[in-house]
Amino acid sequence: YQGREKNIVLLSAVRSNPLGTVGFLSDWRRLNVAITRARAGMVLFGDQKTLRADPIWSSYLDFLDESGCIMSDEILVEDLKRWRESEEEEEAGTVGGFWPSL
């Protein structure tokens, strides 16, 4: 991020392994920089099981979960299908519109 703010931040934290090692993601400063650079919103991609093995990530994911901000992959797939159908309806000139599950 180099200190720049963006309207939307897509954060990839896709470490996934049975040992729960998150590597460089364990540095709390990296998480702090990532989440404080988003002006309007952030989408975080990651494996909860692996990330929860780290205490900082686990605490952050608890906060997100309590705030109703975690979307499962099943819901995401369904939303993507609805978005695609909405785009097809719009192209065909029928009523469209997409509202994500969150």
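A few remarks follow.
- Value of [θ]222 nm, deg cm²/dmol, for the chain, DSSP H segments ≥ 4, -39500 (n - 2.57) each, nearest 500: -13500 deg cm²/dmol
- Vicinal HN-Hα couplings computed from phi for the range 43-53 (Karplus, 6.51 cos²θ - 1.76 cosθ + 1.60; Hz; Gly/Pro x): 10, 10, 9, x, 9, 4, 4, 6, 5, 5, 6
- Scanning residues 5 or more positions from residue 44 or on other chains, those with amide H under 5 Å from its amide H are 11, with H placed 1.01 Å from N in the peptide plane.
- Per DSSP, loop chymotrypsin sites (Phe, Trp or Tyr not before Pro) in the range 1-47 with at most 16 further Cβ within 10 Å: 1
- Fraction of accessible area attributable to carbon and sulfur, the chain (%, probe 1.4 Å): 54
- Residue-by-residue Karplus 3J(HN,Hα) for the range 23-30, coefficients 6.51, -1.76, 1.60, Hz, glycine and proline x: x, 5, 5, 6, 6, 4, 5, 5
- For the chain, a crude dipole built from +1 on the beta carbon of Lys and Arg and -1 on the beta carbon of Asp and Glu, taken about the Cα centre, is about 760 debye to the nearest 20.
- Taken over the chain, the ratio of Cα radius of gyration to 2.2 N^0.38 Å equals 1.29.
- Taken one residue at a time, the phi angles of the range 9-16 give Karplus couplings (6.51, -1.76, 1.60, θ = phi - 60°) of 10, 9, 10, 9, 10, 8, 5, 8 Hz. Gly and Pro are set to x.
- Rolling a 1.4 angstrom probe over the protein heavy atoms with all chains in place gives the chain an accessible area of 75 Å² per residue.
- Placing +1 on each Lys and Arg Cβ and -1 on each Asp and Glu Cβ, with no other charges, gives the range 40-91 a dipole about its Cα centre of roughly 400 debye.
- Extension gain, residue 89 back to residue 76 (0.36 nm per residue minus Cα-Cα distance, nm): 2.7 nm
The values are calculated or read from the model by the stated rules, or taken from the named source; none is laboratory data. This is a predicted model, so every value here is computed, not measured. Heads up, the Cβs are rebuilt from the backbone with ideal geometry, glycines too, and the neighbour counts pull from every protein chain shown. The area values use the complete protein model at the heavy-atom level, side chains included, leaving out ligands, DNA and RNA. Shrake-Rupley method; radii C 1.70, N 1.55, O 1.52, S 1.80 Å.
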